[in-house]
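Asker: Starting off with a structure, shown below.
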Amino acid sequence: MYHLVVFASGNGSTLQAIIDSITKHELEAKIELVISDNPNAYALERAKTNHIETYLIKNKDFTKRDIELSNVLSRYTIDLIVLAGYLKMIGPNLIEKYTIINTHPSLLPKYGGKGMHGMHVHEAVIQAQEKYSGATIHFVNQEYDKGTIISQTKVEVTPYDTAESLSNKVQAAEKLQLIEVLNRFIHHEIKS
């Protein structure tokens, strides 16, 4: 069994896609823990509904948060950590010890970095009149959205797209892409 930990700050729709794929036996994995920095994150409710342990981060300070999460995660068997809409920087203790991947709603290196998340990305893509956007899955390092790219999926941006419609297209592509990438990890086709 492949052991996952998922970090999420918001709605948790990507977490739900992972849960659904496990339920349908499309992923031979188990989510050991869902971690959030946001007490109001609906991702926590999704986890509880599916009998997955949750943990709410207590420390706001970067260094203290890194130590806190190292201590919490040391109690679990973990093959991979997935950042699924998690907005905080990951600290060096976690980066050194675990393989961590992130989903990002653009074709990195475009529209990445601090502050570029969710609708901010899609609004910037629409404003720049890009012909394509998409989703990127990459390894996490100590810079926002700068880790080695694992996979990208392109979606066309039409003249009729709004930030909301583009978000829907990118999220749909991102979820399919993530399940495919997770299966590649499970079958040892991607080396960390």
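The values are calculated or read from the model by the stated rules, or taken from the named source; none is laboratory data. Not measured: the values here are computed from a predicted model. We place every Cβ from the backbone using ideal geometry, glycine too, and count neighbours over all the protein chains shown.
Asker: Could you grab me the full set of residues in the range 118-156 that are buried (at least 16 other Cβ atoms within 10 Å of the Cβ), assigned to a helix (DSSP H, G or I) and either touching a Leu at 6+ places or on another chain (Cβ under 6 Å) or not small (G, A, S) (or both)?
Answerer: Within the range 118-156, V121, H122, E123, V125, I126 meet the criteria.
Rundown of residues vs (1) touching a His at 6+ places or on another chain (Cβ under 9 Å); (2) surrounded by fewer than 23 Cβ atoms within 10 Å (Cβ to Cβ); (3) more than 19 Å from F62 (Cα to Cα); (4) modelled with pLDDT of 95 or more, yes/no style:
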{"site": "Y2", "(1), (2), (3), (4)": "no, yes, yes, yes"}
{"site": "V5", "(1), (2), (3), (4)": "no, no, yes, yes"}
{"site": "G10", "(1), (2), (3), (4)": "no, yes, yes, no"}
{"site": "A17", "(1), (2), (3), (4)": "no, yes, yes, yes"}
{"site": "D20", "(1), (2), (3), (4)": "no, yes, yes, yes"}
{"site": "T23", "(1), (2), (3), (4)": "no, yes, yes, yes"}
{"site": "I31", "(1), (2), (3), (4)": "yes, yes, yes, yes"}
{"site": "I35", "(1), (2), (3), (4)": "no, no, no, yes"}
{"site": "N40", "(1), (2), (3), (4)": "no, yes, yes, yes"}
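Asker: Would you check if there is a residue in the range 116-138 being under 20 Å from T14 (Cβ atoms), free of Cβ contacts under 8 Å to residues at least 40 places away in the same chain and among the polar types (S, T, N, Q)?
Answerer: yes
Asker: Now a separate question. Considering every residue within the range 87-97, establish whether at least one is within 27 Å of H187 (Cβ to Cβ), at pLDDT 95 or above and in a loop (DSSP other than H, G, I, E, B).
Answerer: The answer is yes; a qualifying residue exists.
Asker: Only residues that are charged (D, E, K, R) and in a loop (DSSP other than H, G, I, E, B): list them for the range 41-63, please.
Answerer: K58, K60, D61
Asker: Still on this structure: Which condition number does E180 fail, the rest of (1) under 27 Å from Y2 (Cβ atoms); (2) under 15 Å from the mean Cα position of the chain (by Cα); (3) in a loop (DSSP other than H, G, I, E, B) being met?
Answerer: Single failed check for E180: (3).
Asker: Considering each residue of the range 67-86, count those that are assigned to a helix (DSSP H, G or I) and surrounded by 18 or more Cβ atoms within 10 Å (Cβ to Cβ), and give that number.
Answerer: Count: 2.
Asker: Find all pairs meeting these conditions: Cβ atoms under 7 angstrom apart; at least six residues apart or on different chains; first residue within the range 26-39 and farther than 16 Å from S9 by Cβ and in contact (Cβ under 8 Å) with a residue 40 or more places away in the chain; second residue in a loop (DSSP other than H, G, I, E, B) and of a type outside the set (A, V, I, L, M, F, W, C).
Answerer: E32/Y76; E32/T77
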